[in-house]
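Below: one structure, written as structure tokens.
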Amino acid sequence: MGVKVYLRPCGVVWGAVAKKAIEEGVALPLAGGPGAFLAAELIEGEPGATKTAVARTATLSMIEEPAIAALLNTITAPRPDVAGVRFDRSGIMGIVNVTPDSFSDGGRFGGAAEAAAAGARALVKEGADILDVGGESTRPGAECVPVKEELERVVPVLKALKGVSAPISIDTRKAEVMRAALKAGASIINDVSALSFDGESMAAAVETKAPVVLMHAQGDPKTMQDNPAYRDALLEVYDYLERRIAEAVAAGVPREGLIVDPGIGFGKTLEHNLRLMSGLSIFHGLGAPVLLGASRKRLIGAVSGATDPKARTPGSIAAVLAAAAQGVQIFRVHDVAATRQALDVWQAATTGGEGAV
Ligand code: HH2
């Protein structure tokens, strides 16, 4: 087998200049647009032993190397809708943690299911395109929650959300919770273990044909921050997600329903998280919408000095905008209204008001 090749789009432009650059053959659409990339980082080799060069897209398009041509095709193709959510603009997944112990908002949606559902409906009004309901904290050091308890937390909330206009994802690692949640009104599986924690979860995804968020994590929440190690976090996370997509598709999970997520903070040091954040556009090479969950996480605190997670909204928004500039399509956030406002202004200012981003 030849040397492995990765392409990381860079030099992304928007609006009228993006259209013109594509017409003139100096840029290619990023995941179907509206952004377009003028160049790409060409990375060859294995994680930890790579050669990197930056090449213009016009040059890359002329290289007769099947792996590069295939990657360019994948990176430029439009992404299909998932559960009715379009990916030609930045989407927001609003976090609805029905847990007593989540790191930044434990108890925020606690109490009666009706109250949690009202809080979730408010997130839709604020601009959430997807609601992510979770009954188990996966913060570093968190204990695994028994299935029965997780079901008791999430199912009543899902039932109380009947008729809500945004699709609901169920944030769980457990097949039984996936199945029950999908019956109770959720339509997307969000699994921080990429269907690997529970031996039954792949089967649950195949049976239900539900779209799935495949997230990378190194280790289990209980111990994942003890000593995370990578030769190259960006490429290893990419390789892992590529393998999980292949395994899910081979098992019968519909490819067009897959979303990928590098899993910020899941078995990663600050250095690993920043390598991922600065290289996010590489994940377009996997041919699926990219989701980012950096909201209020330690990375924001470490860079800014904001020790209280609730004081990390400005830094969380900066992370969203930096990722949006790399074409990331979905943001899992606590602060929906503030993020929507920031994305709307970023979009208008970047495109000169032309077209949605
Ligand atoms: N992060 C958390 C939980 N679920 N799902 C995806 N797809 N991506 C993420 O980055 C992600 C996730 C952890 O954050 P949070 O829900 O705020 O905290 P806790 O696990 O303590 O409930």
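Just one of (1) among the aromatic types (F, W, Y); (2) out of contact with any Leu (no Cβ under 8 Å at 6 or more places or on another chain); (3) surrounded by 24 or more Cβ atoms within 10 Å (Cβ to Cβ) fails for Y240. It is (3). When A112, A142, A117, A122 are screened for being more than 14 Å from the ligand (Cβ to nearest atom), small (G, A, S) and surrounded by 15 or more Cβ atoms within 10 Å (Cβ to Cβ), only A117 passes. Looking for something outside any helix (DSSP H, G or I) and in contact with a Ser or Thr (Cβ under 9 Å, 6 or more places away or on another chain) - is there at least one such residue anywhere in region 231-242? Yes - at least one qualifying residue is present in region 231-242.
Checking each residue in region 254-268 for being outside any loop (DSSP other than H, G, I, E, B), of a type outside the set (D, E, K, R) and over 14 Å from G293 (Cα atoms) picks out G257, L258. Residues in region 76-89 include at least one that is in a strand (DSSP E or B), within 16 Å of the ligand (Cβ to nearest atom) and in contact (Cβ under 8 Å) with a residue 12 or more places away in the chain.
Taking region 281-357 and the helices (runs of 4 or more DSSP H) fully enclosed by it, no element has 3 or more residues that are modelled with pLDDT under 95, under 14 Å from the mean Cα position of the chain (by Cα) and surrounded by fewer than 21 Cβ atoms within 10 Å (Cβ to Cβ). The residues in region 169-202 that are more than 17 Å from the chain's Cα centre (by Cα) and not hydroxyl-bearing (S, T, Y) can be counted, and the count is 18. Restrict the check to region 160-168 and report whether at least one residue is within 16 Å of the ligand (Cβ to nearest atom), under 22 Å from the mean Cα position of the chain (by Cα), modelled with pLDDT under 95 and of a type in the set (A, V, I, L, M, F, W, C). Within region 160-168, not a single residue is within 16 Å of the ligand (Cβ to nearest atom), under 22 Å from the mean Cα position of the chain (by Cα), modelled with pLDDT under 95 and of a type in the set (A, V, I, L, M, F, W, C).
The values are calculated or read from the model by the stated rules, or taken from the named source; none is laboratory data. This structure is a prediction, so every number in the text was calculated from the model and none was measured. In this analysis, Cβ positions are derived from the backbone assuming ideal geometry, glycine residues included, and neighbour counts consider all displayed protein chains.
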